[in-house]
Structures are given as structure tokens and as C-alpha cells.
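Asks: Below are the C-alpha cells for one structure; questions will follow.
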Amino acid sequence: MKHAIDPKVDCVFKAIFGSEVNLNLLVHFLNAALHEELSAPIVEVTLLNPNLEKNRLDGKRVVLDVKARDAHGRIFQIEIQMVA
């Protein structure tokens, strides 16, 4: 069944994977996307503030879709990007 709400849309992606109530979905997403690079599966994540410090000369503010840390202290900065 096709849903009217597309999870590849930025705000929908953030609502799904950047929500405390859906942390299990974020864990499954990260494990699926990174399975070849991980020495062990991710079992738990904590959401972090997605706002990055202004470190660019032009002063532009950067806000990630999702930022999380796992139990090993690894930080994941997640952005959904579509190629037109």
C-alpha cells in the first residue's frame, strides 16, 4: 500500500526518525544503512541537538535532520538528500 506521506520529504523524515517515541525506528534505520561498517549492531541511541555551531565564515546556521549518539559514544549526523 502506498502512503500519501513520503518519508523522503525532509520534515517527514525528521518527524519519523528525530522523535523520542520512534527511537527504535532510528536504531533499525542506522543498522540497515551502516551494517557493513559496524563491528556490532547499534542497540540504543540518544537524540542530540541537531543545531551545529556556527563555524563558517559566512555565519550560516546548520541544522541537521537528526543527530544521535549510541552507547559507544559514536555520533551520527543524519541528513536526507534527494537527487532531482
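Asks: Distance in nm between label sites at Val21 and Met82, each 7 Å beyond Cα in the beta-carbon direction?
Replies: Each label point is offset 7 Å from its Cα along the Cβ direction, giving 2.5 nm.
Asks: Probe radius 1.4 Å, ligands and nucleic acids ignored: give me the carbon and sulfur share of the accessible area of region 22-67 as a rounded percent.
Replies: Of all accessible area on region 22-67, carbon and sulfur atoms account for 53 percent.
Asks: Could you pull out the GluC sites (Glu not before Pro) across region 2-48 that fall in loop regions by DSSP (anything but H, G, I, E, B) with no more than 14 other Cβ atoms inside 10 Å?
Replies: Here the GluC sites (Glu not before Pro) that fit, given the DSSP loop and packing criteria, are Glu36, Glu37, Glu44.
Asks: What 222 nm value per residue comes from the helices of the chain, counting each DSSP H run with n ≥ 4 as -39,500 (n - 2.57) and dividing by all residues, nearest 500 deg cm²/dmol?
Replies: Computed mean residue ellipticity for the chain: -7000 deg cm²/dmol.
Asks: Tell me whether region 43-84 comes out rounded, prolate or oblate; compute the Cα gyration tensor, take square roots of the eigenvalues as a ≥ b ≥ c, and use a/c under 1.5 as the rounded threshold.
Replies: In terms of gyration-tensor shape, oblate.
Asks: If I stretch the segment between Glu53 and Asp6 completely, what's the gain in nm (0.36 nm per residue apart, minus their alpha carbon distance), one decimal?
Replies: Stretched out fully, the Glu53 to Asp6 stretch lengthens by 13.9 nm.
Asks: Rounded to the nearest whole Å², what accessible area per residue is found for the chain with the 1.4 Å probe?
Replies: Accessible surface, normalised per residue, equals 76 Å².
The values are calculated or read from the model by the stated rules, or taken from the named source; none is laboratory data. Here the structure is a predicted model, which means the values were calculated and not measured. When we count neighbours, we look across all protein chains shown, and the Cβ atoms used for this are built from the backbone with ideal geometry, even at glycine. Just the protein is used for accessible areas: all its heavy atoms, side chains included, with ligands, DNA and RNA removed. Shrake-Rupley method; radii C 1.70, N 1.55, O 1.52, S 1.80 Å.
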